[in-house]
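Notes for the one structure printed next.
Where a number appears in this text, it was derived from the coordinates with a stated rule and is not lab data. What you see is a predicted model, and the numbers here were worked out from it, not measured in a lab. For neighbour counting, all protein chains shown are included, and Cβ atoms are generated from backbone atoms with ideal geometry for every residue, glycine included.
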Amino acid sequence: MRSDGGRHWASGAVFLATVAFLYLPIAVLIGLSFNASGLPTSWGGFTTGWYDRLFANDEILSAFRNTLIVAVCATAISVVIGTLLAFGLERTVRSRALDAGSFVPMVIPDIVLAIALLSFYNLVFTQWMGVRLGLWSVILGHAVFGIAFVSAIVRTRLRHFDDSTVEASLDLGATELQTFRHVTLPQIAPGVIAGALVAFTLSLDEFVIAFFTAGTEVTFPIQVYSMVRFGVTPEINAAATIVVGFSLMLMLVAVRLRGQEDTA
Amino acid sequence: MIEIDRITKRFGAVTAVDDVSLTIAENEFFALLGPSGCGKTTLLRMLAGFESPDEGRLLLDGSDLVGVKPYRRPLNMMFQSYALFPHMTVEQNVAYGLRMEGVAKAAARERAAEALEQVQLGGMGARRPAQLSGGQRQRVALARALVKKPRVLLLDEPLSALDRQIRGEMQIELKRLQHQVGITFVVVTHDQEEAMSMADRIAVMRAGRVEQIGPPDELYERPATRFVASFLGDANLFPGPRPGTLTVVRPEMLHLDGAGREHRHEGRVLEVVFLGTARKYVVELDDGATVQARIGAHGPAPRLTAGDRVTLGWDAADAAVVDAEEATAGV
């Protein structure tokens with residue numbers, strides 16, 4: 001009895017400690033975004049003033065807009081190419097070397113990828129074609145790892161996909177295109193959407209690659225970085241809180257989609 | 001109606017189908033029978049259009065199918081895994097082929113409901129495939145193919161995924177449906193019992209080639225090769241009339257009161273197995289060979305027990321002669 005109670009108490013403590021470890025910093029951040037004193041050390045009463053200042057700050061807003069543009073475009077590219085890659089690797093070419101290769105952008109350190117992309121873009125685009133780096137190069141850079149994530153996620157979905165449904169569709173009079181639309185895509189959609197959400201959230205807060213390849217453009221993480229160098233301002237807390245809320249919303253969407261799929 | 005003309009299909013170094021020719025008649029229930037890897041499924045998939053032959057022609061009503069896309073062929077296939085679309089309801093599954101033909105939604109729904117009625121699944125249209133039993137899924141697959149009113153229905157191992165009990169029912173049901181819709185059925189199976197009970201004619205395949213084509217009784221009673229003899233039921237093999245030949249005698253053609261028969265063998269009963277409708281006698285002949293005789297359990301035949309001496313007899317008219325060679329390679 002006694003040892004049982006003790007174990008129960010201990011596991012409860014571990015649980016609480018884990019939750020605190022994971023979420024307390026975020027809770028503190030959210031709390032500070034409403035702190036009128038603006039200092040992390042003292043509570044000066046509740047205010048939404050930092051949010052007003054945030055929305056009046058053109059630099060932050062434009063950085064945020066840039067980040068959204070990058071995330072949307074990089075996700076779109078990642079979804080299309082990543083899905084095609086998943087089909088290729090899972091159905092057409094069975095190659096361990098290509099398998100391993102497709103995971104490289106996921107596992108090599110961001111800093112290495114960032115330097116590689118910077119040198120490559122500088123050489124090909126700036127030197128040879130005379131195009132300056134900008135948001136488009138960040139988009140391409142983010143698509144590099146986005147494609148890897150999307151293809152990895154779609155591939156797990158494809159392994160549970162019955163190829164004979166494709167043949168059945170062709171047999172029943174659907175063309176290849178109709179078959180893809182009505183039979184293949186609906187069945188792999190949960191994987192494609194999950195991949196898109198992952199690519200999108202990774203792109204949203206990606207700093208290193210953006211920092212190296214953005215040229216003179218500024219994305220939200222770069223903006224935050226440059227502001228934090230002179231101390232954390234409460235505006236940044238407010239902006240970060242909005243980002244947290246946004247990510248949470250995306251996650252809920254993803255969970256909901258999964259739930260629908262299970263009951264289907 | 002269907003003419004398979006010298007079809008050959010290779011996968012790399014393997015010749016899956018090797019110079020096969022056969023014709024299938026209008027409204028025939030035709031079975032391609034053989035062990036796994038004999039090329040029967042490849043042949044079916046070539047008819048459906050999922051594989052294209054390396055050599056030869058596939059004629060349907062005189063026009064060549066080779067190069068015609070699967071969705072332009074008036075043949076439909078029922079897949080071994082049924083291949084139902086998991087994200088659609090039963091009704092949407094069945095209506096799918098009609099919608100792709102351009103049939104309006106309401107009309108397609110109506111015809112889908114009729115087709116489901118035909119396979120005794122009326123009222124199940126709103127369910128998802130995952131909510132159905134194996135037997136029901138198979139009926140959906142059947143309705144989905146038949147609703148297109150194809151010239152030919154191709155069935156790939158249609159009963160292999162079913163429980164033994166339902167299998168017997170479905171054999172009868174498939175036969176009934178074939179009569180009802182009046183189209184040609186081509187079924188692929190490795191189960192000789194299944195093929196014999198359903199098909200009008202059977203092509204027995206082995207290692208990419210056709211060994212023999214004929215009605216079930218002819219294949220059973222007059223096998224042309226040793227392989228056909230042993231693949232279709234039990235066979236007793238005796239030395240043949242000429243060197244290099246064997247005589248095939250089915251267990252039910254061996255008689256225990258052999259005295260008056262053309263060919264006689266002395267032996268001793270090793271074992272008696274009661275099978276319900278018959279008794280199986282395992283007999284060791286004096287020359288060392290072991291044979292089986294199957295005698296109706298309720299006939300006048302003498303009842304023997306293990307250890308009894310017996311004279312087995314058979315008549316040449318009840319036996320078939322095959323080549324002893326062609327050995328057991330590939331079987």
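For a quick check, take a GNM of chain B with Cα springs below 10 Å and name the residue from B:313, B:299, B:56 with the largest mean-square fluctuation.
With Cα springs under 10 Å in chain B, the top fluctuation among B:313, B:299, B:56 is at B:299.
Taking +1 at the Cβ of each Lys and Arg and -1 at the Cβ of each Asp and Glu, which of B:254, B:297, B:241 sits farthest along the dipole of chain B towards its positive end, judged by Cα position relative to the Cα centre?
The residue sitting most towards the positive pole is B:297.
If each DSSP helix of 4+ residues adds -39,500 (n - 2.57) and the sum is divided by the residues in chain A, what number results at 222 nm, nearest 500 deg cm²/dmol? Show your work: numbers first, answer last.
Working: 12 runs with 194 residues, N = 264.
Theoretical 222 nm ellipticity from helices: -24500 deg cm²/dmol.
Checking understanding here: applying a Kyte-Doolittle mean of at least -0.5 and a length along the axis of at least 24 Å (C-alpha), which whole DSSP H helices in chain A pass?
A:2-32, A:58-87, A:135-158, A:185-204, A:234-263
From the P(r) of the protein assembly as shown, can you give the percent of Cα pairs sitting at distances over 43 Å? Don't skip to the answer; put the middle values down first.
On the way: 86006 of 176715 pairs.
Percentage above 43 Å: 49.
Dipole of the stretch A:164-264, Cα-centred, from +1 at each Lys and Arg C-beta and -1 at each Asp and Glu C-beta, to the nearest 20 debye?
Numbers: 4 positive and 9 negative charges, 59 e Å.
Rounded to the nearest 20 debye, it is 280 debye.
Hey, in the GNM for chain A with a 10 angstrom Cα cutoff, which one of A:61, A:85, A:185 fluctuates hardest?
Taking springs between Cα atoms under 10 Å, the residue moving most is A:185.
Which residue, A:230, B:306, A:38, has the largest displacement toward the positive end of the dipole of the protein assembly as shown when charges sit on each Cβ (Lys, Arg +1; Asp, Glu -1)?
So the residue we want is A:38.
Under the definition of partner shielding as Cβ atoms of other protein chains within 10 Å of a residue Cβ, what is the mean value for peptide A:157-169? All intermediate terms of the calculation are to be shown ahead of the outcome.
Details: counts 0, 0, 0, 1, 1, 7, 2, 9, 9, 2, 8, 16, 7.
Taking all residues of A:157-169 together, the mean is 5.
When B:205, B:196, A:251 are ordered from fewest to most other Cβ atoms inside 10 Å of their Cβ, what list results? Mind dumping the intermediate values first?
Values: B:205 29, B:196 19, A:251 12.
Result, fewest neighbours first: A:251, B:196, B:205.
Along the charge dipole of the stretch A:8-129, pointing to its positive end and built from +1/-1 on Cβ of Lys, Arg, Asp and Glu, which listed residue (A:75, A:48, A:16) has its Cα farthest out?
So the residue furthest toward the plus end is A:75.
Treating the beta-carbon of each Lys and Arg as +1 and of each Asp and Glu as -1, no other charges, what is the dipole magnitude of the stretch A:1-159 about its Cα centre, to the nearest 20 debye?
With only Lys, Arg, Asp and Glu charged at Cβ, the dipole is about 620 debye.
Relative contact order for the stretch B:255-331: what is it in percent, counting Cα pairs under 8 Å that are at least 6 residues apart? Mind showing how you got there, number by number?
Values: 138 pairs, mean separation 30.4, N = 77.
Normalised by residue count, the contact order of the stretch B:255-331 is 39 percent.
Ordered by packing density, taken as the mean number of other Cβ atoms within 10 Å over each peptide's residues, highest first, how do A:68-78, B:130-140, A:22-32 rank? Display every interim value, and only then the final one.
Working: A:68-78: 20.9, B:130-140: 17.4, A:22-32: 13.0.
Per-residue mean Cβ counts within 10 Å order the peptides as A:68-78, B:130-140, A:22-32.
Would you look at the GNM of chain A, springs on alpha carbons closer than 10 Å, and say which of A:95, A:151, A:11 moves the most?
The residue that fluctuates most here is A:11.
Given an 8 Å cut-off on Cα distances and at least 6 residues of separation, report the relative contact order of the stretch A:37-187 as a percent. Before the final figure, lay out each step's value.
Values: 90 pairs, mean separation 45.6, N = 151.
RCO, the stretch A:37-187: 30 percent.
Within 10 Å of each residue's Cβ, count the other Cβ atoms and sort B:41, B:277 from fewest upward.
Working: B:41 21, B:277 9.
Exposure proxy ranking, most exposed first: B:277, B:41.
In peptide A:184-195, how many Cβ atoms from other protein chains are near each Cβ within 10 Å, on average?
On the way: counts 0, 1, 4, 3, 0, 1, 0, 0, 0, 0, 0, 0.
For this peptide, the per-residue mean of nearby foreign Cβ atoms is 1.
Give the peptides B:75-87, B:221-233 in descending order of average Cβ contacts within 10 Å, highest first.
Values: B:75-87: 22.2, B:221-233: 20.3.
Final packing ranking: B:75-87, B:221-233.
Hey, fewest Cβ within 10 Å first, where do A:50, A:128, A:43, A:136 land in order?
On the way: A:50 22, A:128 9, A:43 13, A:136 19.
Fewest to most other Cβ atoms nearby, the residues stand as A:128, A:43, A:136, A:50.
Hey, what did chain B get for relative contact order, percent, Cα under 8 Å, at least 6 apart?
Details: 694 pairs, mean separation 55.3, N = 331.
The value is 17 percent.
Compute the distance in nm between two label points, each set 7 Å from the Cα along the Cα-to-Cβ direction, one at residue B:165 and one at residue A:8.
4.7
Quick one: which of B:9/B:40; B:105/B:175; B:105/B:148; B:9/B:69; B:69/B:148; B:149/B:175 span more than 20 angstrom between C-alpha atoms? Present the calculation step by step, with values, prior to reporting the outcome.
Values: B:9/B:40 11 Å; B:105/B:175 31 Å; B:105/B:148 15 Å; B:9/B:69 17 Å; B:69/B:148 16 Å; B:149/B:175 17 Å.
In this structure, B:105/B:175 lie more than 20 Å apart at Cα.
Compute, for the protein assembly as shown, the length of the dipole vector about the Cα centre, with Cβ point charges of +1 (Lys, Arg) and -1 (Asp, Glu) only. Units Debye, rounded to 20. Don't jump to the answer; show the numbers that get you there.
Working: 55 positive and 62 negative charges, 311 e Å.
Roughly 1500 debye for the protein assembly as shown.
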